[in-house]
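Have a look at the structure below before the remarks.
The values are calculated or read from the model by the stated rules, or taken from the named source; none is laboratory data. These numbers were taken from a predicted model, which means no experiment stands behind them. Positions of Cβ are backbone-derived with ideal geometry, glycine not excepted, and every protein chain shown enters the neighbour counts. Side chains included, ligands, DNA and RNA excluded: accessible areas come from the protein's heavy atoms. Shrake-Rupley method; radii C 1.70, N 1.55, O 1.52, S 1.80 Å.
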Amino acid sequence: MVRHYLQPLLAPRSVALLGATERPGALGQIVYRNLAAAGLHGALYAVNPKHAAVFDRRCYARLADLPQPPDLAVIATPARTVPRIIEQAGAAGVKAAVVLSSGFAETGDAGRALQAQMLEAAHLGGVRIVGPNCLGIMRSDVGLNATFARTGARAGGLALVSQSGAICGAILDWAEHAAVGFTSVVSLGGAADVDFGEVLDFLVVDPATEAILLYVEGIHDARRFMSALRAAARVKPVVALKVGRYPTGSRAASSHTGALVGSDAVFDAALRRSGTVRVKTYTQLFAAARVLAAGRFAEGERLAILTNGGGPGVMAADSAAENGVPLAQLAPETIARLDATLPAQWSRGNPIDLIGDAPPQRFADATAAALADPGVDALLAMYSPVAVTEPAAAAQAVVEAARGSKKPVLAAWLGDISPNESRAHLDAHGIANFFTPENAVEAFSFLCAYKRNQAQLMEVPAALARAGDEAPADLAAAGAIRDAALRDKRALLTEHESRALLAAFGLPVPRAIAARDRAAAIAAARAIGFPVVIKILSPDLTHKSDVGGVRLGLQNDEMVASAFDDMLRQVRALRPQARIEGALVQPMLQFSHQREVLVGIATDAVFGPVISFGTGGIAVEAMGDTAVALPPLNMVLARELISRTRVQRVLAGYRTVPAVDLDALAALLCGVARMACLLPWLKEMDLNPVLAHPGGVVIADARVVIDPEQPLRAGAHYPHMAIHPYPLELEGEIAIAGGTRLPVRPMRPEDADLEARFFQGLSERSRYQRFMQHLQSLPPGMLARFTQLDYDRELALVALDPQRRRFIAVGRYSPTDDGTTAEFALTVADDWQGKGIGRALLERLCECARDAGYSALYGYILEANREMLDLAARLGFVEHSRQGSEVTVERRL
């Protein structure tokens, strides 16, 4: 296993239990028995000043008395004693602790003060903590069970990270009966120190972990969570069970963990954007994990169902409809092939009903035919218990027929639920077996969701518009609008200000003129052209139509004059305290085949700015048709957001009604997302209605709320956002020998082919100097990690050949264990070496690392690589240490 700084905490080789005792029912007794029974590969120490021995083993009074510092201290003592124990652990050289004790932040002010003392002691002593108030941790490959769970973990390839100890225990009980195994189980509890982010970082580089399961109640640090989750999901399937889906559940979760729980719809959008599959029950959690861990991913979502019982086939088809899984349409050739091998009364369609007397060969023939059909992306094979065919024989027939096919095959051997020969045979050949048709179809739907979400993970939009794509945002004008509102001590912009703000970002707003009196309104209407709309202009009125503040379809001067007077009279009667500044006059917007939609920005308490889209108009709340996404967006993500609403079916056109301009609508969403990225003070924005029609889009009304506590401009790394945008601002050029200028830009996810070709073009010597081992090709996991970057923490800059589309140099940095320094690597194509590319790229990399907040950059260079050592020295790197043939260099930033 790659050495990770959390290995002593999450995969320790030696453990000390503080509070160990033989007293029946005591926490220290239960945990000690679990530790001893699990067969820890290293030393196990009991620590308790009240006992000389525990279960016939010596018991030490203090950590300082142990023969050597253990990797991990497990603390099962009262909360009041924990800060002092953590202090002693640091002094004794123990760098990791699991605090099982409760009585900290979850109990109120006194508990929060005690937790602060614990964390201060941990910081001073360099001790990392899981907990407090947690079930503990397990690690099967080192024989660790440092929990008070009733059931231990079977060995396996799944990792479970949970905020609830009770749910951990329930899942472990379920998994024992379902024969599901784990490499790691981590109960975070209060997560006062180590949280999801760092545990996910550990599991990403853990070769024993094949898939990751999360039980989430709330998130403390959205940026770190999203950063780690996106990094993990790039190389391993991640499945999340998120609770608090409804308001009452959210309140319960918050009080339980002390974590801030955001909107469930926003959390769903965050998981989708991170490439993670979300489930609702822990049976679904394992169903998803099973099918994802098998490693077979369908090209599409068309499912074929094969069954020897008509009823289960109908149940599976119903479940497919409920889960949005399309059933495959069998090709005529496939039906002809099945006609030749199945009884005349077979279903002649999908589901493929083999009839109840089906022998094993019938299962084999139908499996082979279905998998050979190009219109079938995956197969669900089901068996109902019959006397004609034994379940094991049917399973073997399906396995043999599916051998060699790359399409996913799932099974549901109904009634055959205990571990036995048929289940073992299916599992051993990568065919996940489920208890019911519904479970199996749900599992395939998760496979589809994983593939869709992985596609979202590949999208890396920028916060800024690329030069030439559109007019740059006028940030100075936006700032002036904000400042004017703040001078008036207003958080709500007037509609006139809101329109000006939108215009500063080049968004489609119609001409509008503010009029303070009746005469000015008539003049404005003449200038714009009849018919017109007038709206009340007031900083105190949000929904103008609710108080009679909107008048439509005014055709002439008299109608404008009458409507102006009547509108002001009605608004003053209904809202006498509101400040009235006149009216806003704009054209009466009417387009052939127009549809009303809503586009907005909200600020989630956990994930920051969120983009919303859905049905617009005055009935928006009643319709409840809104989808959300995290910024930044590009055209692909914007179209995907539109597709998740019911109104998209109307927008796409129907009968004789043409489709609206979906590209213009997606571009508007991208522009709004750009506002969310660049204006941290933009708290809320409702564009309702937005009129979408075949010729484009127009924003008919706008409402903007600002947050005076937020800064004027986005920080260098967009700290107000959960996802770091693609750093378009880092695209540029470097100068090399002879005055040649080479384009340089950050690595993108779609660069995998270019990166692979760059590696293949390197000489054996260059490859060895870069990787310090002989590699003939980049493994898929390594290629994904190199190209799918989290720009919040890491960066790869590529220099491109100006004549051909290929990489000629790659420089990258990634964080080291402490999170405050970074490690760099640099490779230049053999035919471009000696031209100054390495120096220019490394200088640029140092600047970027400094701007990202890193205090130092380290490099690990082979002693024989004199060129790289000389380059590092010229750029201010100094030798930090030597180990064998490897030299570590350092540059303070």
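A few points about this structure:
- Among (1) surrounded by fewer than 16 Cβ atoms within 10 Å (Cβ to Cβ); (2) touching a Pro at 6+ places or on another chain (Cβ under 7 Å); (3) at pLDDT 90 or above; (4) not aromatic (Phe, Trp, Tyr), the one test that residue 601 misses: (1)
- Listed by position, the strands (runs of 3 or more DSSP E) inside region 71-171 whose residues that are modelled with pLDDT of 95 or more and more than 18 Å from residue 32 (Cβ to Cβ) number at least 1 are 96-99, 128-130, 154-162.
- A search for C-beta distances below 6 Å between a residue of region 482-506 that is in contact (Cβ under 8 Å) with a residue 40 or more places away in the chain and any residue that is open to solvent by 20 Å² or more (accessible area, probe 1.4 Å) and assigned to a loop (DSSP other than H, G, I, E, B), counting only pairs 6+ apart in sequence or on different chains, returns 486/708; 499/509; 499/512; 502/509; 505/473; 506/470; 506/471.
- Scan of region 742-764 for residues that are free of Cβ contacts under 8 Å to residues at least 24 places away in the same chain and not polar (S, T, N, Q), ordered by number: 753, 759, 764
- Complete set of residues in region 566-594 that are open to solvent by 50 Å² or more (accessible area, probe 1.4 Å), of a type outside the set (A, V, I, L, M, F, W, C) and in contact with a helix residue (DSSP H, G or I) (Cβ under 8 Å, 6 or more places away or on another chain): 570, 575
- The residues on offer are 840, 872, 784, and the sole one that is within 16 Å of residue 756 (Cβ to Cβ), part of a helix (DSSP H, G or I) and open to solvent by less than 20 Å² (accessible area, probe 1.4 Å) is 784.
- Considering only residues in region 334-352 that are in contact (Cβ under 8 Å) with a residue 24 or more places away in the chain and out of contact with any helix residue (DSSP H, G or I) (no Cβ under 7 Å at 6 or more places or on another chain), the one that is surrounded by the fewest Cβ atoms within 10 Å (Cβ to Cβ) turns out to be 347.
- All positions within region 406-435 that are within 24 Å of residue 297 (Cβ to Cβ), modelled with pLDDT of 85 or more and open to solvent by less than 30 Å² (accessible area, probe 1.4 Å): 408, 409, 410, 411, 412, 413, 426, 431, 432, 433, 434
- Of the residues making up region 621-643, those that are surrounded by fewer than 16 Cβ atoms within 10 Å (Cβ to Cβ) and closer than 21 Å to residue 270 by Cβ number 4.
- No other residue among 772, 721 is in contact with a Pro (Cβ under 8 Å, 6 or more places away or on another chain), in contact (Cβ under 8 Å) with a residue 24 or more places away in the chain and of a type outside the set (Ser, Thr, Tyr) apart from 721.
- Single match in 816, 821 (criterion: of a type in the set (Ser, Thr, Tyr), surrounded by 18 or more Cβ atoms within 10 Å (Cβ to Cβ) and touching a strand residue (DSSP E or B) at 6+ places or on another chain (Cβ under 6 Å)): 821
- Remark: pairs (first residue in region 788-804, closer than 24 Å to residue 457 by Cβ; second residue hydroxyl-bearing (Ser, Thr, Tyr) and open to solvent by 20 Å² or more (accessible area, probe 1.4 Å); Cβ separation under 8 Å; 6+ apart in sequence or on different chains) = 793/814; 794/814.
- Residues within region 854-869 that are part of a loop (DSSP other than H, G, I, E, B) and either open to solvent by less than 60 Å² (accessible area, probe 1.4 Å) or of a type in the set (Asp, Glu) (or both), tallied: 4
- Summed over region 698-744, residues that are in contact with an Asp or Glu (Cβ under 9 Å, 6 or more places away or on another chain), assigned to a loop (DSSP other than H, G, I, E, B) and hydrophobic (A, V, I, L, M, F, W, C) total 5.
- Counting only strands (runs of 3 or more DSSP E) that sit wholly inside region 1-61, those with at least 2 residues that are farther than 20 Å from residue 169 by Cβ and open to solvent by 40 Å² or more (accessible area, probe 1.4 Å) are 57-60.
- Qualifying positions in region 657-697 - open to solvent by less than 10 Å² (accessible area, probe 1.4 Å) and in a helix (DSSP H, G or I): 665, 666, 668, 669, 671, 672, 673, 675, 676, 677
- For region 796-807, a residue qualifies if it is hydrophobic (A, V, I, L, M, F, W, C), farther than 14 Å from residue 786 by Cα and surrounded by fewer than 23 Cβ atoms within 10 Å (Cβ to Cβ), and exactly one does: 800.
- Residue, farthest from residue 537 (Cα to Cα), within region 486-506, restricted to residues that are in a loop (DSSP other than H, G, I, E, B) and open to solvent by less than 20 Å² (accessible area, probe 1.4 Å): 505
- Condition met for residue 530 (among the aromatic types (Phe, Trp, Tyr), farther than 30 Å from residue 643 by Cα and either in a loop (DSSP other than H, G, I, E, B) or open to solvent by 10 Å² or more (accessible area, probe 1.4 Å) (or both)): yes
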